[in-house]
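Asker: What follows is a single structure, and I will ask about it in a moment.
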Amino acid sequence: MASQDAKLAEDWSTTVIVSNSLQDHEVIASLRNQQHKIRFSESVLPGSIIFPLCGIAFLLANAQEALGSQREAFFEQIQEFTSIHRNSFLVIVAALHGLEERDLMFSIQLRFLGTNLKIIPAHNSMETVKSILTIAKASCKPHLDSILDRLLQATVYIAENSPVWETLAEI
């Protein structure tokens, strides 16, 4: 079981649909270097990275650009993104997440509270790729089944070895 999971992690590659605006981005170059099939599209929102087989989408945002631009236009882009994608993640990239960046994330959380948007802070492109791929792998079918099996095994183990269950059984 463990060797099968290790093999899945090593051999895992998938198709990724990417906005044309990200053609020269470091994140896309890193995904391409890891043997993922990159497909560029004009029909997706600028800054979007979509994993169609996993059913998730990411919107890349530079914190400095979001702080410097019109906040309402940025919020409208996020609103459109969340209305299109069921499992949506906003990746906010900043070298340092200071007070301004935290205020930005807080205002996004307040504005989109109750929606399907999840916010991921990242410091650089490598951290962005690592976060994106971790979430994508955990959401794809073979890995999702493996995770669910492990959770089920842990639940059974806890139930079988719990002193609480032994006490309840005696009552």
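Asker: For the stretch 99-118: of the residues being under 16 Å from Leu67 (Cα atoms) and under 17 Å from the mean Cα position of the chain (by Cα), which is most open to solvent (accessible area, probe 1.4 Å)?
Answerer: That would be Gln109.
Asker: Within the stretch 27-39, work out how many residues are open to solvent by 70 Å² or more (accessible area, probe 1.4 Å) and outside any helix (DSSP H, G or I).
Answerer: Counting residues in the stretch 27-39 that are open to solvent by 70 Å² or more (accessible area, probe 1.4 Å) and outside any helix (DSSP H, G or I) gives 4.
Asker: How many of the residues in the stretch 99-128 are aliphatic (A, V, I, L, M) and more than 20 Å from Ile78 (Cα to Cα)?
Answerer: Number of matching residues: 2.
Asker: Restricting attention to the stretch 112-127, which residues are touching a strand residue (DSSP E or B) at 6+ places or on another chain (Cβ under 9 Å) and at pLDDT 90 or above? First the steps, then the outcome.
Answerer: If we filter the stretch 112-127 for residues that are touching a strand residue (DSSP E or B) at 6+ places or on another chain (Cβ under 9 Å), which is where we start, we get 112, 115-125, 127.
The answer is Phe112, Leu117, Lys118, Ile119, Ile120, Pro121, Ala122, His123, Asn124, Ser125, Glu127.
Asker: Next question. With respect to Lys141, is the statement that it is within 22 Å of Arg32 (Cα to Cα), exposed (fewer than 12 other Cβ atoms within 10 Å of the Cβ) and either out of contact with any Pro (no Cβ under 8 Å at 6 or more places or on another chain) or aliphatic (A, V, I, L, M) (or both) true?
Answerer: yes
Asker: Taking the stretch 41-93 as the search range and keeping residues that are in a loop (DSSP other than H, G, I, E, B) and within 16 Å of the chain's Cα centre (by Cα), which one is nearest to Ile119 (Cα to Cα)?
Answerer: That would be Asn87.
Asker: Which of (1) surrounded by fewer than 17 Cβ atoms within 10 Å (Cβ to Cβ); (2) in contact with a helix residue (DSSP H, G or I) (Cβ under 9 Å, 6 or more places away or on another chain); (3) over 18 Å from Val18 (Cα atoms) does Gly68 not meet, given it meets every other one?
Answerer: Going through (1) surrounded by fewer than 17 Cβ atoms within 10 Å (Cβ to Cβ); (2) in contact with a helix residue (DSSP H, G or I) (Cβ under 9 Å, 6 or more places away or on another chain); (3) over 18 Å from Val18 (Cα atoms) one by one, Gly68 breaks only (2).
Asker: Right, something else. Looking at Ile49, Ile28, can you tell me which residue is in contact with a Leu (Cβ under 8 Å, 6 or more places away or on another chain), of a type in the set (A, V, I, L, M) and free of Cβ contacts under 8 Å to residues at least 24 places away in the same chain? Break it down into steps so the answer makes sense when it comes.
Answerer: Working: Ile49 fails: free of Cβ contacts under 8 Å to residues at least 24 places away in the same chain.
Every option except Ile28 fails the conditions.
Asker: Given the structure, is Leu96 loosely packed, with under 12 Cβ neighbours inside 10 Å, touching a residue at least 24 places away in the same chain (Cβ under 8 Å) and not in a helix (DSSP H, G or I)? So that I can check it myself, show each step before the final result.
Answerer: Values: loosely packed, with under 12 Cβ neighbours inside 10 Å: yes; touching a residue at least 24 places away in the same chain (Cβ under 8 Å): yes; not in a helix (DSSP H, G or I): yes.
So Leu96 passes the test.
Asker: Any chance the stretch 153-162 includes a residue that's surrounded by 13 or more Cβ atoms within 10 Å (Cβ to Cβ) and either more than 21 Å from Leu31 (Cβ to Cβ) or of a type in the set (D, E, K, R) (or both)?
Answerer: no
The values are calculated or read from the model by the stated rules, or taken from the named source; none is laboratory data. Because the structure is predicted, anything quoted here is derived from the model rather than measured. Glycine gets a Cβ as well: all are built from the backbone with ideal geometry, and neighbour counts include every protein chain shown. Side chains included, ligands, DNA and RNA excluded: accessible areas come from the protein's heavy atoms. Shrake-Rupley method; radii C 1.70, N 1.55, O 1.52, S 1.80 Å.
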